[in-house]
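Colleague: Below is the structure I would like to discuss, written out as structure tokens.
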Amino acid sequence: MKHALVLFSSPHKDGHTKKLLEAFLDGLKGKDWQVKSLDICKVNIHPCIACGYCQKADGCAFRDLDEFDRDLRACDLLVIATPVYNLSFPAQLKAVIDRFQRYFEARFARGIRPAIATHRDAVLLLTMGR
């Protein structure tokens, strides 16, 4: 069984981004994939405050993304589905990406190479308005 982890970052639960994501996931059906999704617009993600915790220890001072970290380390495929707003991503996705600092610090401050042991593929699904 392969595991896909989806980060969904659209505030429109039935909008174009959701439709694109569903079309992509339809291609995984019946092919031995287990899919877990995190709708980051529905949870309160603490922004990175550059406190330095991850420079010294594995993890983050904020525990809100611990389950996501476990899922990321276990997945075979990371799917990010997001709209593009003003040539960028929604703030909720930016907050999650900023929290990836823990992997940078693991590699460069603490010398853990690779910071995440298993290679995984990734897909970025983007939508934007007219």
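Colleague: Assuming 0.36 nm per residue, please report the length gained on full extension of the stretch ALA109 to LYS13 beyond their Cα-Cα distance. Walk me through the intermediate numbers first.
Modeller: Details: separation 96, 0.36 × 96 = 34.56 nm, distance 3.86 nm.
Contour length minus the Cα-Cα distance gives 30.7 nm.
Colleague: Note down the magnitude of the dipole of the range 24-130 about its Cα centre, charges +1 on Lys and Arg C-beta and -1 on Asp and Glu C-beta and zero elsewhere, to the nearest 20 debye.
Modeller: Values: 16 positive and 13 negative charges, 43 e Å.
The dipole magnitude comes to about 200 debye.
Colleague: Please sort by residue number the trypsin sites (Lys or Arg not before Pro) in the range 1-58 whose DSSP state is loop and whose Cβ has at most 11 other Cβ atoms within 10 Å. Provide the component values of the computation, followed by the final result.
Modeller: Values: sites: LYS2, LYS13, LYS18, LYS19, LYS29, LYS31, LYS36, LYS42, LYS56; in loops: LYS13, LYS29, LYS31, LYS42.
Counting only loop positions with at most 11 other Cβ atoms within 10 Å, the trypsin sites (Lys or Arg not before Pro) in the range 1-58 are LYS13, LYS29, LYS31, LYS42.
Colleague: Within the chain, how many lysine pairs that are 8 or more places apart, or on different chains, have C-alpha atoms less than 28 Å apart?
Modeller: Lysine pairs meeting both conditions in the chain amount to 27.
Colleague: Can you pull the one-decimal nm distance between simple spin-label points at GLU67 and GLU22, each 7 Å off the Cα toward Cβ?
Modeller: Using points 7 Å along Cα→Cβ, the separation is 2.4 nm.
Colleague: Then there's this: Using DSSP, restrict attention to beta bridges with both residues in the chain and report what percent are antiparallel, rounded to the nearest 5. Intermediate results must be reported in sequence, preceding the final value.
Modeller: Numbers: 1 of 20 bridges.
DSSP beta bridges in the chain are roughly 5 percent antiparallel.
Colleague: Here's a follow-up. Between TYR53 and ASN86, with labels modelled 7 Å along Cα→Cβ, what's the label distance in nm to one decimal, could you check?
Modeller: With each label point 7 Å from Cα toward Cβ, the separation is 2.9 nm.
Colleague: Answer rounded, prolate or oblate for the range 37-104, using the Cα gyration tensor with square roots of eigenvalues a ≥ b ≥ c: rounded when a/c is under 1.5, else prolate when a/b is larger than b/c, else oblate.
Modeller: Working: a/c = 1.88, a/b = 1.33, b/c = 1.42.
Oblate, since a/c reaches 1.5 and b/c is not below a/b.
Colleague: Taking +1 at the Cβ of each Lys and Arg and -1 at the Cβ of each Asp and Glu, which of ALA91, PHE108, GLN34 sits farthest along the dipole of the chain towards its positive end, judged by Cα position relative to the Cα centre?
Modeller: Selected residue: PHE108.
Colleague: In whole Hz, with x marking every Gly and Pro, tabulate ³J(HN,Hα) for the range 27-39 from phi via Karplus 6.51 cos²θ - 1.76 cosθ + 1.60, θ = phi - 60°.
Modeller: Per residue, the Karplus-derived 3J(HN,Hα) values read x, 8, 4, x, 10, 6, 10, 9, 10, 10, 10, 10, 8 Hz.
Colleague: Could I ask something else about it? What number, rounded to the nearest 500 deg cm²/dmol, is the helix-based mean residue ellipticity at 222 nm of the chain, given -39500 (n - 2.57) per DSSP H run of at least four residues and division by all its residues? List each step's numbers first, then the result.
Modeller: Numbers: 5 runs with 40 residues, N = 130.
That calculation yields -8000 deg cm²/dmol at 222 nm.
Colleague: Among CYS54, ALA23, HIS12, whose Cα sits farthest toward the positive end of the charge dipole of the range 2-127 (+1 at Cβ of Lys/Arg, -1 at Cβ of Asp/Glu, about the Cα centre)?
Modeller: Going by the charge dipole, the pick is CYS54.
Colleague: Given (1) 2, 8, 12, 14, 11, 9, 8, 7, 6, 5, 4, 4, 4, 4, 3, 2, 1, 0, 0; (2) 2, 12, 22, 24, 20, 13, 6, 2, 0; (3) 2, 10, 19, 21, 19, 15, 9, 4, 1, 0, which label gives P(r) over Cα pairs in 5 Å bins from 0, in percent as computed from the coordinates?
Modeller: (3)
Colleague: For Cα pairs less than 8 Å apart in space and 6+ apart in sequence, what is the mean separation divided by the residue count of the range 2-127, i.e. the relative contact order in percent?
Modeller: Numbers: 179 pairs, mean separation 46.2, N = 126.
Computed over the range 2-127, the figure is 37 percent.
Bear in mind these aren't lab numbers, they're just calculated from the coordinates by the rules spelled out. Just so we're clear, the structure is a prediction, and the values are computed from it rather than from any experiment. Cβ sites come from the backbone with ideal geometry, for glycine too, and all protein chains shown count toward neighbours.
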